[in-house]
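Take a look at the structure below.
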Amino acid sequence: MTSRKKNNRRTKRTNVVTTKNAATHRAADRVLAPDVSAHKRIAPRESPRSRRSKRYVVSTAAAAVLVLLGLFIFMRSNSGGGQQPSTDIAATTISGPPGAEEVPLEEGPLLATASSSSTGDTVDGIACNSSEQVVYHVHTHLSVYVDGRLRPLPGGIGIVSPVSQETTDGLFYSASRCYYWLHVHTQDGVIHIESPTQRTYTLGDFFDIWRQPLNSVQIASVTGKLKVFVNGHRYSGSPRDVKLGPHVDIQVDVRSQRISTMRVDWAKTQL
């Protein structure tokens, strides 16, 4: 065999091997190459409709939160029986020589006389009994200031045909006929709640027994805007609705407001 024929056979074998290797590499590339179309199927592009739906859900949730927050603020502002703690003013303990009930006597022109009190008929479901009732026996203090000046409550309110007794601590009134369940023994501003049953009594009940007017612009014969404080807190409701209760301090300012509210040091009393 000539050298030319041998070279031709070697060239053919080399071409066959090269062709086989190329085919093998193409098959491997098909196996290892990432399937781009598969990735596109797994993470499709978000549609405009889907985005609008998500925005609607977020805005609805935000609106619900705002509604709940507003409801919470409303409930907080309307709780507490009409009290508005944000308008509180400083409290000062009432001072002065103690009266017969260990509470300082009030001085100044009376708000009204006790003679206007009811004469024994039942008032607002409150009867007048020949003796004091002790099943429910608590005490509330009332101070009234007109243009910054104290106007005391007289002793004898709610006591029919009162009889005064002179003591070293001032006059003390008892009944010769009957006691209403709400009454005042002496000029110290203390309202006695002495009832055969425990129930709610209001400042309006007391003024009805006294037969004196009480509303947002008048107390007894005095007219002008009333500002009411209960235990140092501003009361925003009707003054007639203020509840009487154990050791409650009520202050009514007419026209001008005092720089402080007055309170009783109940611990020093026997009430």
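The values are calculated or read from the model by the stated rules, or taken from the named source; none is laboratory data. Note that the structure is predicted; figures quoted are calculated from it, not measured. Please note: Cβ atoms are built from the backbone with ideal geometry, for glycine as well, and neighbour counts cover all protein chains shown.
The residue that is nearest to the chain's Cα centre (by Cα), among those in the range 147-192 that are among the basic types (Lys, Arg) and in a strand (DSSP E or B), is Arg149. Here Gln270 meets the list (1) modelled with pLDDT under 90; (2) on the phi > 0 side of the Ramachandran plot almost entirely, failing just condition (2). The single condition among (1) outside any loop (DSSP other than H, G, I, E, B); (2) over 20 Å from Leu203 (Cβ atoms) that Val138 does not meet is (2). The set of residues from the range 209-248 being closer than 19 Å to Tyr136 by Cβ and not basic (Lys, Arg) comprises Ile209, Val242, Leu244, Gly245, Pro246, His247, Val248. Screening Asp241 against (1) closer than 22 Å to Gly156 by Cα; (2) in contact with a Ser or Thr (Cβ under 7 Å, 6 or more places away or on another chain); (3) of a type in the set (Asp, Glu) leaves a single unmet condition, (1).
At least 1 residues that are aliphatic (A, V, I, L, M) in each: list the strands (runs of 3 or more DSSP E) lying fully within the range 208-261 that qualify. Spell out how you get there, then give the answer.
Values: elements: 226-230, 233-235, 248-254.
Passing ranges, in order: 226-230, 248-254.
Test Val163 against the criterion of being exposed (fewer than 14 other Cβ atoms within 10 Å of the Cβ), under 23 Å from Arg255 (Cα atoms), in the same structural domain as Ser118 (by TED's automatic domain parsing) and β-branched (Val, Ile, Thr), and give yes or no. In short, no. Take the residues of the range 164-197 that are touching a Phe, Trp or Tyr at 6+ places or on another chain (Cβ under 7 Å) and in contact (Cβ under 8 Å) with a residue 12 or more places away in the chain: which is farthest from Gly99 (Cα to Cα)? In this case the residue turns out to be Thr197.
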